[in-house]
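K.L.:
Before anything else, here's the structure in question.
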Amino acid sequence: MLLCNGDIFLSLFIMAEIESLQKIVSHCKEYGFIFPSSEIYDNLGAVYDYGPFGVELKNHIKEYWWKSMVQMHENIVGLDAAIFMHPTTWKASGHLDSFSDPLIDNKDSKKRYRADVLLEEKIDKLKEKGEKELTKKGIELSSSEEEKAKASRDYAKALQLETAYTKAAEASDFKRYKELIEEYEIACEVSGSRNWTDVRQFNLMFGTKMGAVDEMATELYLRPETAQGIFVNFLNVQKSARMKIPFGIAQIGKAFRNEIVARQFIFRMREFEQMEMQFFVRPGSELEWFKTWKETRMKWHLALGSSQDSLRFHVHEKLAHYANAAEDIQFKFPIGFKELEGIHSRTDFDLTEHQKFSGKKLQYFDAELNQNYVPYVIETSIGLDRMFLRIMSECLKEETLESGETRIVLNLPPALAPIKVAVLPLVKKDGLPEKAREILNVLKFVGRTFYEEKDAIGKRYRRMDAIGTPYCITVDHQTLEDNTVTLRVRDTMEQERINISEVARIVGEKVDMNNLLRKAIA
Ligand code: GAP
């Protein structure tokens, strides 16, 4: 049997996750996933544009979230609120008064830093140095913190700083931040000096104006989170969709934050997208629902096939004034374990504040209890771009094949892949392109397809591997004789001869989003 063997002899040898953020950034640019914004004008810091394959992947992540939250839960409905909101919204939510970062400037270089980030980076560096020392001494890194501190001076220093920093953060004691920066001799990376200003608070909201005449214009803010659009619409949604507590409102939309430290690609952006759900419950039942949503969201993440080791819960020791429980789902990014999603029990804070500032009642009549109350809220909030980075970090692999050749492969879950199937005529003549296009027209109903006739078949397979296309269909001369094609599988590089009439069914079954949804809600 003839196989179009672009890579048939190159069986797999070693597979390694790409661990450097820089490699992910380069891959995203080269293969049309993500470009720096306004690049021809030298970029706009921490703002990014999604390219042809990036936008497809992003849309599939949204679809996975939306279907699992809204389509699969009859007590959750959707909303698409405006980015502009009445300015009082931000007074009521507390963002005007306290949505800020502690900043510190180096007087010599004039470079501005987040004081909390300087301290956290110092802790990480000291721990890293300490761990190297421990490894040299043959001490297990799984030993207790106490043992590690005893054996390494740097590790002990890291723990001391961590304790002092946590205490200062809990007390919002920014004077202490500066003292710690000085005590631990943190220097500016540009000037190398330790000549620091005091720490000041800097509000992260972007302001703008609505109205034609400057003096009459209303000061507005670009929303820093999508959640408030849900809170102010609580009664509109509850009444129009006839929702009974417990119920949720889900939304996907843009949010804007004037982030100061924004050097981590799409991990921390100034314009980003959030996928948030607010779940309204009876007062007193919120901690039970908090537990349920924590488990539900972790299952959603694990359904993507991630290893248990790359995801973990992180309990907030210091709770925001409106919360009575909060945990993050952290993912092991190339920059370390970091927040991917927040799950918060927000009590009745937001609805009560909006009630107070608007003078409108935001209550629910619970017929079973024959009682009016302000519902309590559990929030699940995940950054879409951060989820994109997680998928890239997890799926981008470099394989060394037996031949010694390396293969870059993005082994995305097929339901998320930007291109589901590529149709490739082996040569550009003898009627093969026409036959390939016939097949392509049928496959368009299965998902996004790709057609390419240029270059050797092996090279075309490699390009499809790099953008994560799970299947390639190769049309050759035998196809014209017996209506069969080669189905080549991205992950194993295995090839199988199948009848054209089978292609849409086989590919369709594999790329179906329901495969993921079934696992996520099982
Ligand atoms: N409504 C709650 C809220 O906004 P948050 O922890 O500030 O909570 C929720 O943000 C999620 O939004 C985070 O877990 C993260 O995934 C994402 N996120 C926050 N700031 C971001 C930024 N500057 N760039 C990209 N994603 C961000």
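Readers should treat all values here as calculations from the given coordinates under stated rules, not as data from a laboratory. Worth saying up front: this structure is predicted, and the values here are computed from it rather than measured. With ideal geometry, Cβ positions are generated from the backbone for all residues, glycine too; neighbour counts draw on all protein chains shown.
K.L.:
Which distance in nm do the two modelled labels at residue 47 and residue 482 give, with both placed 7 Å along the Cα-to-Cβ direction?
P.N.:
It is 5.8 nm.
K.L.:
Further, regarding this structure: Among 57, 38, 72, which residue has its Cα furthest toward the positive end of the charge dipole of region 28-77, with +1 on Lys/Arg Cβ and -1 on Asp/Glu Cβ?
P.N.:
Result: 72, furthest along the dipole toward the positive end.
K.L.:
Can you tell me the length gained on complete extension of the stretch residue 509 to residue 72, counting 0.36 nm per residue apart and subtracting the Cα distance?
P.N.:
155.4 nm
K.L.:
Moving on to the next point. Counting only other residues whose beta carbon sits under 12 Å from that of residue 420, what net charge do I get with K and R as +1, D and E as -1?
P.N.:
Computed value for this residue: +1.
K.L.:
Okay, moving on. Where does each of 267-279, 496-508 land if you order them by average Cβ count within 10 Å, highest first?
P.N.:
267-279, 496-508
K.L.:
Still on this structure: Please compute the Kirkwood hydrodynamic radius of the chain from all pairs of different C-alpha atoms, in Å with one decimal.
P.N.:
26.3
K.L.:
Residue 219 to residue 502: extension gain in nm, 0.36 nm per residue of separation minus the Cα-Cα distance?
P.N.:
95.9 nm
K.L.:
Continuing with this model, one more query. Could you check how many percent of all C-alpha pairs in region 46-102 are farther apart than 20 Å?
P.N.:
In whole percent, the long-distance tail amounts to 59.
K.L.:
Also, quick follow-up: DSSP loop (so not H, G, I, E, B), at most 11 other Cβ within 10 Å: list which chymotrypsin sites (Phe, Trp or Tyr not before Pro) in region 403-456 pass both filters.
P.N.:
Answer in residue order: 445.
K.L.:
Now for a different question. Among the GluC sites (Glu not before Pro) within region 116-212, which fall in a DSSP loop and have no more than 13 other Cβ atoms within 10 Å of their own Cβ?
P.N.:
140, 185, 189
K.L.:
Read phi for every residue in region 129-135 and hand back ³J(HN,Hα) as whole Hz from Karplus 6.51 cos²θ - 1.76 cosθ + 1.60, θ = phi - 60°, with x for Gly and Pro.
P.N.:
4, x, 5, 4, 4, 5, 4
K.L.:
Amide H to amide H, which residues 5 or more places from residue 247 or on other chains are under 5 Å from it, using H placed in the peptide plane?
P.N.:
Placed amide hydrogens put 280 under 5 Å from residue 247.
K.L.:
So what are the radius of gyration and Dmax for the Cα set of region 404-521, in Å?
P.N.:
14.0, 49
K.L.:
Please list the non-local residues whose amide H lies under 5 Å from the amide H of residue 221, H modeled 1.01 Å from N, same-chain partners needing a gap of 5 or more.
P.N.:
85, 208
K.L.:
Shifting gears a bit: Work out from phi, with θ = phi - 60° and the Karplus expression 6.51 cos²θ - 1.76 cosθ + 1.60, the ³J(HN,Hα) of each residue of region 408-425, listed in order in whole Hz, and give x for Gly and Pro.
P.N.:
9, 9, 10, 8, 5, x, x, 5, 9, 4, x, 10, 7, 8, 9, 10, 10, x
K.L.:
Using DSSP to call loops (not H, G, I, E or B), can you name the trypsin sites (Lys or Arg not before Pro) in region 308-383 whose Cβ has at most 15 other Cβ atoms within 10 angstrom?
P.N.:
318, 360, 361
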